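Q: The structure that follows is given in the form of structure tokens.
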Amino acid sequence: MVAKEFVQMRRDRLTFAMLIGIPLLQTVLFGYAINSDPRHLPLAVLSGDNSPFSRSLIAAMQTSSYFDLVRTLSSRGEADRALDLGEVQFVLTIPEGFGRSLLRGERPVLLLEADATDPGATSGALTAFRALAVRALARDLSGPPSSLLPGEDPVTVRVHAQYNPEAVTRYNIVPGLMGTILTLTLVMITALAITRERERGTMENLLTTPVRPLEVMLGKIVPYILVGYLQMGLILLAARYLFDVPFHGSVVLVLLLSVFFIAANLTVGVTISTLVRNQLQALQLSVFFFLPSLLLSGFMFPFRGMPEWAQAVGSVLPLTHYLRIVRGVLLKGNGVAEALVHLWPIAAFWLAVIGIGLKRFRRTLD
Amino acid sequence: MADPVIDVSGVTKSFGGRTVVDRLDMRVERGEIYGFLGPNGSGKTTFIRMLCGLLRPDAGGGTCLGYDILTEGDRIKPHVGYMAQRFSLYEDLTVRENLMFMASVYGVRRPRRVVAEIMERMELGRFSGILAGGLSGGWKQRLALAGCMLHEPRLLLLDEPTAGVDPGARREFWDQVHGLAAAGVTTLISTHYMDEAERCHRLAYIAYGRLLARGGVEELVAGSGLSTWLVKGPGAHEAKVRLEADERVEQVVAFGNTLHVSGPDAAAVERAAREAAGPGARVEPGETSLEEVFIQLMRGAVKP
Ligand SMILES: Nc1ncnc2c1ncn2[C@@H]1O[C@H](COP(=O)(O)OP(=O)(O)OP(=O)(O)O)[C@@H](O)[C@H]1O
Ligand SMILES: [Mg+2]
């Protein structure tokens, strides 16, 4: 029995490769991608002050390695948009005359707004910020202004965790879960459905009929798009009524935009089926696709906390962008315009996979 | 009638360096029932798959229904009914659902009526709502056959359609094939049954992917040059042992108490038969059957 099993294992190279590959991939991804204290988060500054104080404050923020200054903003509107789009994680607002009022001991207000849809991504930086700002300014101030009481900070640090003020992890997880579940089930379902046709011999019959490859593909995809929507409906209902996730944006918009994501995943399933010989292999390849989606999309770990290579891989995956769309619409109340930014990578991915699928789809049995 | 329905030549296919079909030619006329025979693994299924576009030949080519098999597969498919050796309809659909599916895939007009008719003709009516997976082997074959005839194909490619089908059903099946042939439908059929081979207009026999002989039944029998004598009566087993060692005899086959003794030289076979026959046994002239012809061909075939 044991010997037979090993012989069969050896015959099925792909399965064997997967048996080794999946744990390896998982370990590497987990090991390197996890970073529960993300650094180098993109920061934009909206400053009305040009004193040495604000400059050294920003310098100190960068030195802390929590923040990377990526933009200087000129208006409030720009700041909101940058946060909505997810271009930056933080916006620091330095009020007009900051330097002057600091010297006068008026304790001017420093406002740090964070995109806290994923509280895990920002909490470390937010905690560090307060101490950091006080320390940096105190150093420059060569002794506290006389008007301050001893022990009082020279500035008032205000921190706004936008979109998810109470830092409820659930709000972030539930929409993410929707994308993850869709990815897993849809890829697997189609990959298996088509491989099953080959394994059972029904493909032999189908290929001698006048149906075209595209028809076969669509025939496999369309029904499962509906399945995908059913799943989404259930998850959204659960999110709203069981987990009390606030919906700031339009659910209809989420549903509409999801069609690309669902189609992309189904096409991945179809393409997987053209690469494998049996259902077991189809299942394994599906998992092989699912794991990076799960680990590198920003669902499990904050996207910006991952090393660059992991971010690069993650940017290719549709789930990454889908998460941004769903979180953007549901938690930030984004509209079509903001969502479109994240839609085209999904569409591009989809087209690429369709291309591979059609090329690989064998119209013959050899 | 002038244009052959199948006209291919030099068709060759290898799998992993092993040639499975080797420069095979075939010409089948309209309305002909063409039998395709050969031992297991001789390449019959592979050849038929190449005709209907399931496999691409490595070399050779030709036409099917006047269309190029290499480039015009899409024009051939609508007119061909292919029945695979392995059951290839959906086991998790009912008989009727399977047939309706096939009808829609071929774009059959008035599918309900056509399906009802074919179920009636193939006596599948009482299984209409049963899952195909639950049918017995013979009924599955019938269902598969019904599935490939729905769209009134002009060419039927049947790969062992009657394997596991009972004699009564086989006879009905052959009556139908003959009926279709009379209506101008061409059939290429592979089989291992000799009685079925005899019901074909013409036959081709292949081994190791190469054509060994072809022609009508009588032609093949005559072409083999074999003569057969029958040894009837008691002592058949002892006679068989003796005849098998006899150089003048090529084949000895026992049918109950009768031995069929064949060899290339009629007189020599008769002498051998009379010498070997035990007391009380009779020796009579017999007819050489296709089976003996094919076994002779098979033995003569050189393994590549
Ligand atoms: N897809 C394939 N890959 C590799 N070898 C194959 C493939 N299909 C067929 N063969 C080989 O080609 C040879 C011919 O097979 P084929 O099925 O055509 O024989 P057949 O004449 O139909 O046999 P049978 O009477 O048993 O049905 C066999 O040795 C088989 O192992
Ligand atoms: Mg075969």
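Q: How much FRET efficiency would the formula 1/(1 + (r/R0)^6) give for residue A:40 and residue A:170, where r is the Cβ-Cβ distance and R0 is 35 Å, rounded to 0.05?
A: Approximately 0.85, to the nearest 0.05.
Q: Given Cβ point charges of +1 (Lys, Arg) and -1 (Asp, Glu) and nothing else, what value in debye, to the nearest 20, does the dipole of the protein assembly as shown about its Cα centre take?
A: Charge dipole of the protein assembly as shown: 1000 debye, to the nearest 20.
Q: Okay, moving on. Rounded to the nearest 10 Å², what accessible area does residue B:69 show when all protein chains are kept and the probe is 1.4 Å?
A: Answer for residue B:69: close to 20 Å² accessible.
Q: Which distance in nm do the two modelled labels at residue A:199 and residue A:50 give, with both placed 7 Å along the Cα-to-Cβ direction?
A: 7.1
Q: Suppose R0 equals 35 Å; then what is the FRET efficiency for residue A:16 and residue B:59 from their Cβ-Cβ distance, rounded to the nearest 0.05? Show your work: numbers first, answer last.
A: Numbers: r = 35 Å, r/R0 = 0.99.
Computed FRET efficiency for residue A:16 and residue B:59: 0.50.
Q: Let me ask something else. Note down the relative contact order for the stretch A:41-162 as a percent, whole number, built from C-alpha pairs under 8 angstrom at least six residues apart.
A: Worked out over the stretch A:41-162, it gives 30 percent.
Q: Assuming 0.36 nm per residue, please report the length gained on full extension of the stretch residue B:299 to residue B:74 beyond their Cα-Cα distance.
A: 77.0 nm
Q: So what is the 222 nm mean residue ellipticity for chain A from helices alone, if each DSSP H run of at least 4 adds -39500 (n - 2.57) and you divide by all residues, rounding to the nearest 500 deg cm²/dmol?
A: -21500 deg cm²/dmol
Q: For the Cα atoms of chain B, what angle does the longest principal axis make with the long axis of helix B:266-276, in degrees from 0 to 90, nearest 10?
A: Computed tilt is about 60 degrees.
Q: Could I ask something else about it? Would you pull out the residues with amide H under 5 Å of residue B:6's amide H, same chain only if 5 or more places away, H placed 1.01 Å from N?
A: B:28, B:65
Q: Here's another thing I want to ask about it. Using heavy-atom solvent-accessible surface (probe 1.4 Å) with all chains present, what is the largest-first order of A:344, A:350, B:229?
A: I get A:344, A:350, B:229, largest accessible area first.
Q: Could I ask something else about it? Which whole-number percent is the relative contact order of chain B (Cα, under 8 Å, 6+ apart)?
A: Relative contact order, chain B: 19 percent.
Q: Shifting gears a bit: Enter the accessible area per residue of the protein assembly as shown (Å², integer; probe 1.4 Å; all protein chains in place).
A: Numbers: 30540 Å² over 670 residues.
Computed with neighbouring chains in place, this is 46 Å² per residue.
Q: So, one more: At the nearest 100 Å², what buried accessible area, both sides summed, do you get for B and A when the probe is 1.4 Å?
A: Result for this pair: about 1800 Å² buried.
Q: Let me ask another. Evaluate the charge dipole of the stretch B:249-304 about its Cα centre and quote only its size in Debye, nearest 20, assuming +1 on the Cβ of each Lys and Arg and -1 on the Cβ of each Asp and Glu.
A: Here the size comes out at about 160 debye.
Q: Taking each residue in B:42-54, count the Cβ atoms of any other chain within 10 Å of its Cβ, then average. What number comes out?
A: Values: counts 0, 0, 0, 0, 2, 0, 0, 6, 2, 1, 4, 5, 10.
The shielding value for this peptide is 2.
Q: Which whole-number percent is the relative contact order of the stretch A:169-360 (Cα, under 8 Å, 6+ apart)?
A: Once divided by the residue count of the stretch A:169-360, the mean separation gives 34 percent.
Q: Excluding same-chain residues fewer than 8 positions from residue A:220, which lysines have a Cα within less than 20 Å of its Cα?
A: A:359
Q: What does the charge dipole of the stretch A:169-360 about its Cα centre add up to, to the nearest 20 debye, if the Cβ of each Lys and Arg holds +1 and the Cβ of each Asp and Glu holds -1?
A: Result for the stretch A:169-360 is approximately 80 debye, rounded to the nearest 20.
Q: Can you list the residues in the stretch B:76-92 whose accessible area drops by at least 20 Å² when all protein chains are present, compared with the chain alone? Use a 1.4 Å probe, heavy atoms only.
A: B:77, B:82, B:86, B:88, B:90, B:92
Q: Please calculate the 1.4 Å probe accessible area of residue A:280, with all protein chains present, and give it to the nearest 10 Å².
A: It works out to around 90 Å².
Q: If you don't mind, there's one more thing I want to ask. Using the beta-carbon distance between residue B:27 and residue B:192 and R0 = 35 Å, what value does 1/(1 + (r/R0)^6) give for FRET efficiency, to the nearest 0.05?
A: That pair, residue B:27 with residue B:192, gives E of 0.90.
Q: Each label point is 7 Å from the Cα along the Cα-to-Cβ direction; what then is the distance between the points at residue B:240 and residue B:282, in nm?
A: Spacing of the two 7 Å Cα→Cβ label points: 2.1 nm.
Q: Once label points are set 7 Å from the Cα along Cα→Cβ at both residue A:104 and residue A:240, what is their separation, rounded to one decimal in nm?
A: 5.1
Q: Okay, next question. Tell me, what % of the accessible area of chain B is carbon and sulfur with a 1.4 angstrom probe?
A: Working: 6960 of 13940 Å².
Ligands and nucleic acids excluded, carbon and sulfur give 50 percent.
Q: In whole Hz, what ³J(HN,Hα) sequence does the stretch A:4-18 give by Karplus (6.51, -1.76, 1.60; θ = phi - 60°), x for Gly and Pro?
A: Each residue's phi maps through the Karplus curve to give 4, 4, 5, 4, 5, 4, 5, 4, 8, 4, 4, 4, 5, 4, 5 Hz.
Q: Ignoring ligands, DNA and RNA, what percent of the accessible area of chain A is carbon or sulfur (1.4 Å)?
A: Ligands and nucleic acids excluded, carbon and sulfur give 64 percent.
Q: Report residue B:255's accessible area, 1.4 Å probe, all protein chains in place, as a number in Å² to the nearest 10.
A: Roughly 100 Å² of residue B:255 is accessible to a 1.4 Å probe.
Q: On a 0 to 90° scale, report how tilted helix B:95-105 is relative to the longest principal axis of chain B, with both axes built from alpha carbons and the result rounded to the nearest 10.
A: Taking Cα atoms only, the helix is inclined about 70 degrees.
Q: Also, quick follow-up: Which whole-Hz couplings ³J(HN,Hα) result when phi for each residue of the stretch B:242-256 is put into the Karplus expression 6.51 cos²θ - 1.76 cosθ + 1.60, θ = phi - 60°, listed in order with x for Gly and Pro?
A: 5, 5, 5, 7, 7, 6, 6, 9, 9, 9, 10, 10, 8, 10, x
Q: Please give the helix A:251-275 orientation as an angle from the longest Cα principal axis of chain A, in degrees from 0 to 90, rounded to the nearest 10.
A: 50
Q: Using a 1.4 Å probe and counting only protein heavy atoms, arrange A:152, B:117 so the residue with the most accessible area comes first.
A: Details: A:152 70, B:117 100 Å².
Sorted descending by solvent-accessible area, the residues read B:117, A:152.
Q: How shielded is A:208-215 by partner chains, expressed as the average number of their Cβ atoms within 10 Å of its Cβ atoms? It would help to have the intermediate numbers written out before the result.
A: On the way: counts 16, 15, 12, 5, 1, 0, 0, 1.
Shielding by partners across A:208-215 averages 6.
The values are calculated or read from the model by the stated rules, or taken from the named source; none is laboratory data. These numbers come from a predicted model, not from an experiment. We place every Cβ from the backbone using ideal geometry, glycine too, and count neighbours over all the protein chains shown. We work out accessible area using only protein heavy atoms, side chains counted, and drop any ligands, DNA or RNA first. Shrake-Rupley method; radii C 1.70, N 1.55, O 1.52, S 1.80 Å.
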